[in-house]
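The values are calculated or read from the model by the stated rules, or taken from the named source; none is laboratory data. This one's a predicted model, so the numbers in the text were calculated from it and none came from an experiment. Note: ideal-geometry Cβ built from the backbone for every residue, glycine included; neighbour counts use all protein chains shown. The accessibility values were calculated without ligands, DNA or RNA, using every heavy atom of the protein model including side chains. Shrake-Rupley method; radii C 1.70, N 1.55, O 1.52, S 1.80 Å.
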Amino acid sequence: MPASAVDRLAARLSELAGAPVELERPQDPAHGDYATNVALQSAPQHRRAPRELAAKLVEQAGALDEVERADVAGPGFVNLWLTTGWLGEALAEIGPDYGRGRPAEPQRIQVELVSANPAGPLTVGSARNGAYGDSVARLLSFAGHEVEREYYFNDAGRQIELFRASVEARRRGGDPPEGGYQGEYVNELARLDGDPVAHMLEEIKHEVAEFRIPVDTWRRQAEIEQKVPDVLPKLDTYEAQGTLWARTSAYGDDKDRPLVRSADGSFLYFAADVAYVQDKLERGFDRAIYVLGADHHGYVPRLKAAAAMLGYDPDRIEALIYQLVHIVEGGRAKKISKRRGDVVFLHELIEKIGVDASRWYLVTRGHDQPIDIDVDLAAERTQKNPVYYVQYAHARIAGILRNAGGALVDPTPSGSVEPEERDLIKRLTDFPVIASESAARRAPHAIPIYAIRVADDFHRFYHEHRVVDSETEAFRLGLCRATQHVIASCLDLIGVEAPERM
């Protein structure tokens, strides 16, 4: 996407200042539309006082067509007030693809969304994994990268065998074994013929699709383990204590990891991890992103060590660790335990609050922070509910545009721009930076926060100013349409629908 109006203004100011200029929006509009500290930053190299450099930049900037006036503030900040012409130019750029990136070197990136045991329906914990991972994938794609989403089924090991034994016990009319799986879903599986794991795989695929996660590839641990014998000779290993070990401590891990039990030749969990690292990287991804639960903190160095032992650049491996989800209903938190049967499943959450609210609330906090979802608030269809509030702004704009019929829509201001209009335009121009930084930081939670602020500014503008049949109808319709585009993009980046009516 070509440089935005903000980028072009920053570039012109950089030429005048002889140093890179970053424009920031002051919290108080009385301090200008934008401000820069370039004079403070570059003063040491120029060996001049910051205020002296700032005064020179103010004089030069005042001659630009985009700048209505400028002044020096504090120890050397430059405050800028922009012309209505620049505001119209910035507004005219905002269409459906506004904010999309075009990186100089696009990467091919894989995001592993979920790696849960298929021993039951998806829980809200795994749903956070999926919602967060999918939003990261959407942001990376929006930033201009080629992204592939993958789901990894942990369909091997003790827990899976315990799950099968639990279902089989129910089929015989008995109780699950000690530590086994309980709950109504186990009874339902017992009434079906065939492998319960296969049934759960199909059910999970259906749930993932309903949750609007477009998975490109599916991998199974049972299949990956078949590649372990070919991988082991490539590793730095030794035998000790009746076990074959990987010398991962020589590659950045805090300790060595066991691979194979010498007594029976059975593979331990890290053996499948290493084979999976090779499976990912040999497919040619520039970067493989794992989204893992809070109990996987130690996995980051061991996965990087696996890549290094296999001869790959360990920086191609990235692990994002997400924290727990707590469901609060009626003021009380629900416990989560799949095997005890009192787990909160994703389909139950969706039944209570819908897909939109579920997706929204599962990404509203940084992945390194736990989330409390207040089911009662999330189910409300009022403006106290933030997802409803933002969707309502989109639907309200759609209604305004419908009521306008075939009226002219022109983002060019026909006169002075009101403070609420100016504030909304500036908020919209923040979007490319918000989207870019959210992708770079793997921080989709910044998107709903920003969307709320856009909705705030729009509702404030709409409360103060008539749109249809006003003297500046064409311009205000243009402002409404631009706002609608940005809100729709925000909602899409976190997998939430942008309704035309509510």
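Data overview
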item	result
Qualifying residues in segment 251-272 (those that are in contact (Cβ under 8 Å) with a residue 40 or more places away in the chain and under 11 Å from Glu225 (Cβ atoms)) - the one surrounded by the fewest Cβ atoms within 10 Å (Cβ to Cβ)	Tyr269
Scope segment 223-237; condition surrounded by 14 or more Cβ atoms within 10 Å (Cβ to Cβ), touching a residue at least 12 places away in the same chain (Cβ under 8 Å) and farther than 16 Å from Gly265 by Cα; matching residues	Ile224, Leu235, Asp236
Selection from segment 104-115 of residues that are open to solvent by 10 Å² or more (accessible area, probe 1.4 Å) and in contact with a strand residue (DSSP E or B) (Cβ under 8 Å, 6 or more places away or on another chain)	Pro106, Gln107, Arg108, Ser115
Pair list, Cβ < 7 Å and 6+ apart or interchain, from segment 300-312 residues that are open to solvent by 10 Å² or more (accessible area, probe 1.4 Å) to residues that are hydroxyl-bearing (Ser, Thr, Tyr)	Arg302/Thr248; Ala308/Tyr251; Met309/Tyr251
Extreme residue, least open to solvent (accessible area, probe 1.4 Å), among residues of segment 210-222 that are out of contact with any Ser or Thr (no Cβ under 9 Å at 6 or more places or on another chain) and farther than 26 Å from Leu281 by Cα	Arg212
Hits in segment 141-189 - residues which are touching a strand residue (DSSP E or B) at 6+ places or on another chain (Cβ under 7 Å) and either open to solvent by 40 Å² or more (accessible area, probe 1.4 Å) or not β-branched (Val, Ile, Thr) (or both)	Ser141, His145, Glu146, Glu148, Arg149, Glu150, Tyr151, Tyr152, Phe153, Asp155
Any hit, segment 346-358, residues being among the basic types (Lys, Arg), in a loop (DSSP other than H, G, I, E, B) and open to solvent by 40 Å² or more (accessible area, probe 1.4 Å)	no
Positions within segment 361-371 being crowded, with 16+ Cβ neighbours inside 10 Å and either closer than 18 Å to Thr123 by Cβ or aliphatic (A, V, I, L, M) (or both), in sequence order	Tyr361, Leu362, Val363, Arg365, His367, Ile371
Count - residues of segment 51-101 that are assigned to a helix (DSSP H, G or I), among the small types (Gly, Ala, Ser) and over 33 Å from the mean Cα position of the chain (by Cα)	4
Candidate set: segment 279-291, residues that are surrounded by fewer than 21 Cβ atoms within 10 Å (Cβ to Cβ) and touching a residue at least 24 places away in the same chain (Cβ under 8 Å); chosen: the one nearest to Arg442 (Cα to Cα)	Arg287
Boolean, Ser166 is hydroxyl-bearing (Ser, Thr, Tyr), modelled with pLDDT of 95 or more and under 34 Å from the mean Cα position of the chain (by Cα)	no
Pair list, Cβ < 7 Å and 6+ apart or interchain, from segment 406-435 residues that are closer than 14 Å to Ala5 by Cα and part of a helix (DSSP H, G or I) to residues that are open to solvent by 70 Å² or more (accessible area, probe 1.4 Å) and β-branched (Val, Ile, Thr)	none
Residue list for segment 14-37, restricted to those being open to solvent by less than 50 Å² (accessible area, probe 1.4 Å) and assigned to a loop (DSSP other than H, G, I, E, B)	Ala19, Val21, Leu23, Pro26, Gly32, Asp33
Unmet criterion (only one of (1) of a type in the set (S, T, N, Q); (2) open to solvent by less than 50 Å² (accessible area, probe 1.4 Å); (3) over 28 Å from Leu477 (Cβ atoms)) for Thr83	(3)
Odd one out for Ala209, checked against (1) among the small types (Gly, Ala, Ser); (2) within 29 Å of Ala307 (Cα to Cα); (3) free of Cβ contacts under 8 Å to residues at least 24 places away in the same chain	(2)
Residue identified as surrounded by fewer than 17 Cβ atoms within 10 Å (Cβ to Cβ), more than 17 Å from Leu9 (Cβ to Cβ) and not acidic (Asp, Glu) among Ala92, Ala49	Ala49
Top-ranked residue in segment 409-429 [being among the β-branched types (Val, Ile, Thr) and buried (at least 18 other Cβ atoms within 10 Å of the Cβ); ranked as nearest to Asp456 (Cα to Cα)]	Ile425
Matching residues in segment 447-464 - criterion: being open to solvent by 30 Å² or more (accessible area, probe 1.4 Å) and out of contact with any Phe, Trp or Tyr (no Cβ under 8 Å at 6 or more places or on another chain)	Ile449, Arg453, Asp456, Arg460, Tyr462, His463, Glu464
Residue satisfying all of: in segment 372-387; in a helix (DSSP H, G or I) and in contact (Cβ under 8 Å) with a residue 60 or more places away in the chain; surrounded by the fewest Cβ atoms within 10 Å (Cβ to Cβ) among these	Pro386
Filter result (in a helix (DSSP H, G or I), touching an Asp or Glu at 6+ places or on another chain (Cβ under 9 Å) and farther than 16 Å from His206 by Cα) within segment 106-133	Gly133
